[in-house]
1. Considering only residues of the range 213-233 that are touching a helix residue (DSSP H, G or I) at 6+ places or on another chain (Cβ under 8 Å) and assigned to a helix (DSSP H, G or I), which is surrounded by the fewest Cβ atoms within 10 Å (Cβ to Cβ)?
2. His266 versus (1) at pLDDT 85 or above; (2) open to solvent by less than 100 Å² (accessible area, probe 1.4 Å); (3) under 28 Å from Leu313 (Cβ atoms): which is the lone unmet condition?
3. Within the range 394-416, can one find any residue that is open to solvent by less than 40 Å² (accessible area, probe 1.4 Å), closer than 24 Å to Phe253 by Cβ and part of a helix (DSSP H, G or I)?
4. I'm told Gly243 meets every condition in (1) at pLDDT 85 or above; (2) open to solvent by 60 Å² or more (accessible area, probe 1.4 Å); (3) out of contact with any Lys or Arg (no Cβ under 9 Å at 6 or more places or on another chain) except one. Can you identify the failing condition by its number?
5. How many of the residues making up the range 385-418 are over 11 Å from Trp287 (Cβ atoms), touching a residue at least 40 places away in the same chain (Cβ under 8 Å) and not small (Gly, Ala, Ser)?
6. I'm told Ala430 meets every condition in (1) open to solvent by 10 Å² or more (accessible area, probe 1.4 Å); (2) out of contact with any Lys or Arg (no Cβ under 6 Å at 6 or more places or on another chain); (3) modelled with pLDDT under 95; (4) farther than 23 Å from Ala175 by Cβ except one. Can you identify the failing condition by its number?
7. Using the structure shown, decide if Leu204 is assigned to a helix (DSSP H, G or I) and either crowded, with 24+ Cβ neighbours inside 10 Å or in contact with a strand residue (DSSP E or B) (Cβ under 6 Å, 6 or more places away or on another chain) (or both).
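The values are calculated or read from the model by the stated rules, or taken from the named source; none is laboratory data. Nothing here was measured: the structure is a model prediction, and the numbers come from that model. Because the Cβ atoms are built from the backbone with ideal geometry, glycine has one as well, and the counts that use them run over all protein chains shown. These accessible areas exclude ligands, DNA and RNA; they are computed on the full protein's heavy atoms, side chains included. Shrake-Rupley method; radii C 1.70, N 1.55, O 1.52, S 1.80 Å.
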Amino acid sequence: MASLLQSSSVLLFSSPCSSISYNYCSSNRINASISLPKVPKIRLSPSKKPSRDHHLVEEPKIGDDGFTKYSIPIKKVVPAPITISVQEEGIFNVDSSMATAQLYAILEAVADRVEMHNNIGEQRDNWNTLLLNSINMITLTAATMAGLTLAAGTAGAGGSLLALKLSSTLLFSAATGMLVIMNKIQPSQLAEEQRNATKLFKQLQREVQTLLTLRRRPSEDDVKEVTEKVSALDKAYPLPLLGKMIEKFPKTFEPAVWWPEKGNDHHQFQRNNKPHHHTMKRNRNGWSEELEIEMRQIVEVLKSKDTEDYARLGSLGLKINKTLAISGPLLTGIAAVGSAFVGTNSSWAAAVAAAAGALAATVNTLEHGGQVGMVVEMYRNCAGFFKLLEESIESTLNESDVEKRENGEMFEMKVALQLGRSVSELRDLAKRSSLSELDEFASKLF
């Protein structure tokens with residue numbers, strides 16, 4: 001029995017991977033030992049001999065305690081430097097970056113001008129209303145006093161007659177001076193000028209925004225062109241009154257010009273009134289010989305119909321405005337003189353003063369209440385619009401290299417939209433113009 005216990009005192013368990021043995025000692029302690037098989041070596045076979053930094057797995061090592069140790073180094077990742085290569089014709093260019101910054105600076109200046117012209121336009125429109133009401137009240141009050149002097153003279157009230165006479169004369173004189181200033185500056189026309197300037201500066205603002213959106217690399221030529229447009233608008237619609245105000249009563253009616261003039265394009269257009277056959281045999285860049293002929297016919301219609309009609313209406317409005325501007329102060333002046341002679345042996349002076357004052361108020365209401373100056377400025381702006389459209393078409397057709405022109409189909413669509421027509425209606429207009437069957441204007445907008 002003792003031998004059996006001695007033989008069974010050692011228990012041995014083996015497995016394919018490890019062996020475990022337990023020994024019972026006399027002191028009732030159990031000693032256990034675990035034997036692990038040696039792990040085979042792990043070898044990597046890269047295509048190229050790895051460098052020291054790329055060796056991530058090393059051979060395992062068995063320590064003194066019987067455990068297998070693995071040493072896995074941690075590679076320090078160093079970010080690669082970022083380099084930006086600048087090509088001669090590449091994406092980034094110092095000149096284009098400067099041009100973009102300049103265009104944004106111009107855009108801010110244009111936005112500021114939009115605000116200024118809008119505010120000043122409202123102010124000058126208020127001038128027209130306030131001055132009209134004030135002068136009419138002064139004139140009618142003076143006319144009423146002139147009529148009362150006649151009644152006071154017949155009643156024999158000498159003190160009242162002198163007071164009414166003096167007050168009437170002073171009021172008519174004040175109305176005359178105020179009318180002279182008001183007719184000189186034409187507040188309704190000043191307000192219309194500022195409204196047009198606001199509209200044109202907003203249009204230029206949208207053009208610059210479109211340029212920055214569609215063109216990734218603006219050039220110095222773009223900056224120069226936009227700067228010239230801003231300067232031309234500043235010259236066409238000045239803000240100050242003294243020294244730089246637009247002449248309200250010129251000798252002849254002239255269309256408004258708010259764009260940079262391009263030299264003698266009109267004379268070149270007259271000399272080169274035939275299409276460029278050597279470049280227009282085929283449809284290139286949207287242009288064809290038929291399209292050139294169509295554009296030339298549209299120019300002729302604009303000149304013979306629209307521009308001529310607005311020049312005629314503008315001249316007529318200018319003459320009416322001149323007549324009214326002279327008549328108003330003249331009538332108030334006559335009324336002031338008539339009221340000064342009230343109380344003498346003749347009784348006609350008071351009647352003349354009262355009648356002239358009433359007529360002056362009527363004339364003033366027609367001129368400034370009807371805003372004749374604003375109508376004249378509207379005709380100037382419309383005539384200038386047609387002149388600009390003519391010059392735009394002429395300058396485009398004068399360019400012999402069609403590749404440098406704007407795309408023909410796009411250009412035709414723009415002209416049609418500016419005239420309030422569709423492309424098919426524009427072509428029909430040009431066709432009827434060539435057959436001398438035209439009885440309408442080119443523009444359907446105004």
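1. Here the residue is Glu220.
2. (1)
3. The answer is yes, given that some residue of the range 394-416 is open to solvent by less than 40 Å² (accessible area, probe 1.4 Å), closer than 24 Å to Phe253 by Cβ and part of a helix (DSSP H, G or I).
4. All conditions pass for Gly243, except number (1).
5. The number of residues fulfilling the criteria is 10.
6. Just one mismatch for Ala430, condition (1).
7. Numbers: assigned to a helix (DSSP H, G or I): yes; either crowded, with 24+ Cβ neighbours inside 10 Å or in contact with a strand residue (DSSP E or B) (Cβ under 6 Å, 6 or more places away or on another chain) (or both): no.
No; evaluated as a whole, the condition is false for this residue.
Here's the yes/no breakdown for (1) within 30 Å of Leu132 (Cα to Cα); (2) under 29 Å from the mean Cα position of the chain (by Cα); (3) modelled with pLDDT of 90 or more:
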{"site": "Gly343", "(1), (2), (3)": "no, no, no"}
{"site": "Met374", "(1), (2), (3)": "yes, yes, yes"}
{"site": "Thr396", "(1), (2), (3)": "no, yes, yes"}
{"site": "Ser400", "(1), (2), (3)": "no, no, no"}
{"site": "Ala416", "(1), (2), (3)": "no, yes, yes"}
{"site": "Gly420", "(1), (2), (3)": "no, yes, yes"}
{"site": "Leu426", "(1), (2), (3)": "no, yes, yes"}
